[in-house]
Amino acid sequence: MRILKLQAWEDRYRARLEEMRDVEFKWLRKALYSQAFITFIFWSSPIFVAAVTFGTSILLSSQLTAGSVLSALATFRILQEPLRNFPDLVSMMAQTKVSLDRISAFLQEEELQEDATLVLPRGITEVAVEIKDGVFGWDSSLKPTLSGIQLKVERGMRVAVCGMVGSGKSSFLSCILGEIPKMAGEVRICGSAAYVPQSAWIQSGNIEENILFGSPMDKTRYKSVIHACSLKKDLELFSHGDQTIIGDRGINLSGGQKQRVQLARALYQDADIYLLDDPFSAVDAHTGSELFKEYIMTALAMKTVIYVTHQVEFLPAADMILVLKEGQIIQAGKYDDLLQAGTDFNTLVSAHHEAIEAMDIPNHSSEDSDGNSSPDGPVSAKCNPEGPDIDSLAKDVHDSVASSEQKAIKEKKKAKRSRKKQLVQEEERERGRVSMKVYLSYMAAAYKGLLIPLIIIAQALFQFLQIGSNWWMAWANPQTEGDKPKVSPMVLLIVYMALAFGSSWFIFVRAVLVATFGLAAAQKLFLKMLRSVFRAPMSFFDSTPAGRILNRVSIDQSVVDLDIPFRLGGFASTTIQLLGIVCVMAKVTWQVLLLVIPMAMACLWMQKYYMASSRELVRIVSIQKSPIIHLFGESIAGAATIRGFGQEKRFIKRNLYLLDCFARPFFCSIAAIEWLCLRMELLSTFVFAFCMILLVSFPHGSIDPSMAGLAVTYGLNLNARLSRWILSFCKLENKIISIERIYQYCHIPSEAPAVIEKSCPPSSWPESGTVELRDLKVRYKENLPMVLHGVNCVFPGGKKIGIVGRTGSGKSTLIQALFRLIEPASGRIIVDNIDISTIGIHDLRGRLSIIPQDPTLFEGTIRGNLDPLEEHSDSHIWEALDKCQLGEIVREKELKLDTPVLENGDNWSVGQRQLVSLGRALLKQARILVLDEATASVDTATDNLIQRIIRTEFKDCTVCTIAHRIPTVIDSDLVLVLSDGRVAEFDTPSRLLEDRSSMFLKLVTEYSSRSSGIPDF
């Protein structure tokens, strides 16, 4: 959802979901009308059977008496109840078969090879990892992903893996873990393994739980892990420390923080073999150096470590370096040996050194290295000889920086004292009775409620005609065999058939109307909820686990689609039938009302007593489904990590625990229904017995025997009908809770309007691309601390702005504020003299372009991912692919631009996904481009190439670049340095490098010293 909002693609993808819903709706229409027809058949079958039986008797000249007719009618009514329940059974059996078929198809899917990797006990051999003649491929029908892999890693070795984007580095780690299908060869590892994937996988829960990952707490080890992963300062900034709840997919952590939590999780497990997939790309230069020193060189000094990296500066410390190209190890050896050998490794290193040499770092004298601040302060205000007057851009920054340290200390203390609420809260749950407003809203959802009275009228006419047909048979037939019939047999048959088939017709009308009403209401609710969710602010998705949303749009919507219409229709029909039974019995023996009224009061009391508990149980059941769905989705996303740590049993146990948490209230809910059924049966049986005693106690001749028989016939059904009426109401209210939950999501607070007609910017806006930040203060939520504290600066139009700072300093938050994913707590952002808060968010986001930190691909095709709005020709798409170095890769695919992309882009490497994001930006050609760690997952050579493309293709655009690689921002026109959400420095790179106290100089020096040769670790 984040990428959809950033790109202003919500309408397009919502339309795609609506198209999918239309396909589903066609099948739903068939299902509901089929259900309506089945309901008509089984509700009418007792009537047809009675008509055929009586008609046959009359045609065969058999003598019918009131006694035989009423006995037959009583028998038919006894059979009627199970027959009317039969449609529910048929529907349930059909749904069960579909579910079983889907489960069966899933269970028959190809599984991982259990023998792909042979795991030997710790210490049995000195060889930690060995691969012989390995051939591996994600798809057996295509060219192998890895081939000819020969590797032997001794225990305690550090092995670095490098190569160009798409060379197979991540797949190489996967083959050691046994995650990629093995076509040939052997893989053996000795001891336990820990795995850190390239795309951070963070569980919902607090930070401590993510680090422990099921292991018991060891305070000493825990503290050492926090130190080794440079997490101490970050935890101090969180209001709840390591008890801070992490949102869905670590949404409230920066990319670097997520990566370091992953590293801490791996380190805490104390495994024998560590497999690290590009773990330093998401952190700044200083943090990366500290991590490498404290984590790999110190904490893992005695462990076997295989790490993939694009940072050439970390290669010299490896005992062995593997160079991959097109799925093969083309070089292996030590750093110096590979350099002397030349070829591909030399190309990677040369590109890195060229980038370092391009940085012109002043050589300050030793006497100036005492760290004293220059007279100009941390933000230089010297004249810039090039371009516009830069002095004015820095003048507002001085005031905000002067007291930054004191403000930071105050904020930390305030956060600790307040212990603010967590980002993710418990799922919202209504309490008490379901509001009548929910019922009325649902009934008005389809055709403004016009079908409801028609359904009631159809059911009432059915009941009236059915009673009339039974009364006709009881009245028209003689009391005994010797009596003369009141009408001729043919008249008797014709009238009865007319009444019987008339009642059947109204049953058909009622069933069709119920299905029509249910379809219209379900579709309207779905579309309303879908649009509400798509219009929700990003904070909603940050604080709401995906499982909760899926629970409502799948399970609750399924109840609305398939269940509630017939529950509502069933309740209406049961109510009218019950009234008919009471009327018939009261007509014959009005005295029965003396008992029926108190009985009804007793029933209502029991219903109220039952519903008080049952209603809450159903709500709890609905809520308990969300964690199961969320854990399942979360486990699938992190399956490689879970298996890599050998944690399958723990997650299965956790899933079973959540199933138990769901089953307990569900079982209690079913038991509560049985509790009510028992009492209703006892009560109705007592009333029926009383009526029978009353009837037989009347003097002979005081009651018409035919009417008495009719009363008995209906009285036999009173037991089941009364219980069914109460149960149908209770079940209806329990099911209505799904509508209640959907309405909660239909009324999610919406983000700003997509388009504001009165303040639409000109079609040419922004023309220059000037961005002005005025006292910008941002927090993620009202109850959370500030992330940005009064940012003041101006990005001149057409200039290249580098944004740097320590991990968690607020860089990505600043970009989110620019795109209005987060609305500022105060302050303004002005783009080309227009306050962006005054225009529609689609007008804003549609004029900006971004290459995000976490590249996202959607299931579909390459063409659909590059141009989802279908605005560009194939030639333009190919041109963009060529520029972002993906053209040849896509041309090699059989389907070219229609090459499939799996969910989350799993069949493309992270680096390739970032290149696709670059392709999107090239096609969009916005005047303002934001690069949020856009090249973090590509090698230095590819990074340099991308930077050249950006300088060429976006030479007249404002480009804001967030990067941890200093060469990426060193040639920017201006550099903004953020620290703890405040502007620490903002000036040209040359001036900042001349300032001995500059934070930017320290970052550059750190990066340069780390990168210029073999680090002194």
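Can you tell me which residue in the range 811-833 is surrounded by the fewest Cβ atoms within 10 Å (Cβ to Cβ), limited to those that are among the aliphatic types (A, V, I, L, M) and either in contact with a helix residue (DSSP H, G or I) (Cβ under 6 Å, 6 or more places away or on another chain) or in a loop (DSSP other than H, G, I, E, B) (or both)?
Result: ALA825.
Failed condition for LEU142, given (1) more than 33 Å from the chain's Cα centre (by Cα); (2) over 22 Å from VAL196 (Cβ atoms), with all others met?
All conditions pass for LEU142, except number (1).
Each row is one residue, and each column tells you yes or no for (1) within 52 Å of the chain's Cα centre (by Cα); (2) of a type in the set (A, V, I, L, M); (3) at pLDDT 60 or above.
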{"position": "SER702", "(1), (2), (3)": "no, no, yes"}
{"position": "VAL712", "(1), (2), (3)": "no, yes, yes"}
{"position": "ARG721", "(1), (2), (3)": "yes, no, yes"}
{"position": "ILE726", "(1), (2), (3)": "yes, yes, yes"}
{"position": "GLU733", "(1), (2), (3)": "yes, no, yes"}
{"position": "SER738", "(1), (2), (3)": "yes, no, yes"}
{"position": "TYR743", "(1), (2), (3)": "yes, no, yes"}
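So, restricting to strands (runs of 3 or more DSSP E) that lie completely within the range 150-248, which ones have at least 2 residues that are surrounded by fewer than 21 Cβ atoms within 10 Å (Cβ to Cβ)?
Passing ranges, in order: 182-190.
How many residues are of a type in the set (D, E, K, R), in a helix (DSSP H, G or I) and modelled with pLDDT of 85 or more when one looks only at the range 528-565?
5
Looking only at the range 1-31, filter to residues that are modelled with pLDDT of 90 or more and aliphatic (A, V, I, L, M); which one of those is farthest from ILE822 (Cα to Cα)?
LEU28
Going by the conditions given, is ARG619 under 23 Å from the mean Cα position of the chain (by Cα), in a helix (DSSP H, G or I) and modelled with pLDDT under 85?
yes
Checking LYS325 against (1) buried (at least 19 other Cβ atoms within 10 Å of the Cβ); (2) within 20 Å of ASP943 (Cβ to Cβ), only one condition comes out false. Which one?
Going through the list (1) buried (at least 19 other Cβ atoms within 10 Å of the Cβ); (2) within 20 Å of ASP943 (Cβ to Cβ), LYS325 breaks only (1).
Kindly provide the set of residues from the range 940-959 that are polar (S, T, N, Q), crowded, with 17+ Cβ neighbours inside 10 Å and in a helix (DSSP H, G or I), ordered by number.
Within the range 940-959, THR940, THR942, ASN944, GLN947 meet the criteria.
Only residues that are free of Cβ contacts under 8 Å to residues at least 60 places away in the same chain, at negative phi and surrounded by fewer than 17 Cβ atoms within 10 Å (Cβ to Cβ): list them for the range 892-912, please.
GLU892, LYS893, GLU894, LEU895, ASP898, PRO900, LEU902, GLU903, ASP906
Does VAL930 fit the bill of being buried (at least 21 other Cβ atoms within 10 Å of the Cβ), outside any helix (DSSP H, G or I) and at pLDDT 85 or above?
In short, yes.
Of the residues ILE851, ILE829, which is at pLDDT below 90 and over 21 Å from the mean Cα position of the chain (by Cα)?
After ruling out the rest, the residue left standing is ILE851.
LYS293 versus (1) closer than 28 Å to ILE822 by Cα; (2) part of a helix (DSSP H, G or I): which is the lone unmet condition?
Just one mismatch for LYS293, condition (1).
The values are calculated or read from the model by the stated rules, or taken from the named source; none is laboratory data. These numbers were taken from a predicted model, which means no experiment stands behind them. Reconstructed Cβ throughout: ideal geometry from the backbone, glycine too, with neighbour counts over all protein chains shown.
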